Amino acid sequence: MATSIGKVFERELFKSFEYAGLLPKRITDRTFLSGNRILSQESEADFWVFDTAKDNLCVALVEAKATKNKSFSLEKLKEHQYEALLAFENEHKDAHGFVAVNFYDKDNRRNFNICYLVPILTWKDLREAMKKRGRKSIPLAVFETDENVIKCVRIQHSMFDVSGMKRVM
């Protein structure tokens with residue numbers, strides 16, 4: 001059975017958080033029985049990420065997405081995920097919501113594979129700006145040039161440098 005690029009990205013992101021000295025916890029989808037079938041309901045995000053090195057506990061809620069395109073479709077972040085990240089961000093000064101976006105080359109992942117961590121309030125602004133322009137996606141160039149977006153280059157073989165996230169948290 002082939003593993004999806006999205007699941008590979010989630011595993012690499014998890015290892016990246018650990019390597020940066022953060023404490024990630026996977027959020028599993030909810031499962032329940034309905035008659036004689038097991039059904040699943042998507043969670044609002046993929047990870048809780050804790051920064052315990054500070055005096056106050058800082059927590060991030062992170063949803064990870066991957067794309068082989070040179071733009072990221074706004075529809076990939078589901079409305080319930082967007083609302084949950086936004087609500088979490090507004091909950092407390094040490095609570096942060098992030099969308100992690102992985103751009104990769106489908107033919108050669110080693111050729112081009114980069115991650116961007118987008119604070120949810122920045123995501124909100126980008127989303128509104130793209131919709132005003134009649135766009136249904138955010139071009140890669142926007143991720144590369146927006147000063148609030150955290151660029152996470154690939155380090156070692158299967159991790160990204162997510163240390164910029166610690167500065168925001």
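GNM remark for the chain: springs join alpha carbons under 10 Å apart, and the peak mean-square fluctuation among C152, C58, C115 falls on C58.
Find the Rg to Rh ratio for the chain, where Rh is the Kirkwood radius over alpha-carbon pairs and Rg uses the same atoms. Write out the running numbers ahead of the final one.
Working: Rg = 16.1 Å, Rh = 16.6 Å.
My calculation puts Rg/Rh at 0.97.
Cβ screening of the chain for cysteine pairs under 4.7 Å finds these without a partner: C58. Between E147 and E83, the simple label model (points 7 Å from Cα in the Cβ direction) yields a spacing of 3.4 nm. About its Cα centre, the dipole of the chain is roughly 600 debye, where the only charges are +1 on Lys and Arg Cβ and -1 on Asp and Glu Cβ. Largest first, the residues E18, E63 sort by 1.4 Å accessible area into E18, E63. Normalised by the number of residues in the chain, the mean separation of alpha-carbon contacts (under 8 Å, six or more apart) gives a relative contact order of 21 percent.
Expressed as a whole percent, the accessible area of the stretch 116-169 that falls on carbon and sulfur atoms is 47 (1.4 Å probe). Using a probe of 1.4 angstrom and keeping all protein chains present, the accessible surface of the stretch 49-169 works out to 52 square angstrom per residue. Remark: spin-label model distance S4-N69 equals 1.6 nm, labels positioned 7 Å along the Cα→Cβ axis. When only the Cβ of Lys, Arg, Asp and Glu is charged (+1, +1, -1, -1), the dipole of the stretch 86-169 relative to its Cα centre reaches about 300 debye.
Can you compute the helix-only [θ] at 222 nm over the chain? Use -39500 (n - 2.57) per DSSP H run of at least 4 residues, normalise by all residues, nearest 500 deg cm²/dmol. Write out the running numbers ahead of the final one.
Numbers: 5 runs with 51 residues, N = 169.
Result for the chain, helices only: -9000 deg cm²/dmol.
A simple packing score, the average count of other Cβ atoms within 10 Å per residue, orders the peptides 123-133, 76-86 as 76-86, 123-133, with the highest score first.
The values are calculated or read from the model by the stated rules, or taken from the named source; none is laboratory data. This structure is a prediction, so every number in the text was calculated from the model and none was measured. Using ideal geometry, Cβ is built from the backbone for each residue, glycine included, and neighbour counts are taken over all protein chains shown. Accessible surface areas use protein heavy atoms only, side chains included; no ligands, DNA or RNA. Shrake-Rupley method; radii C 1.70, N 1.55, O 1.52, S 1.80 Å.
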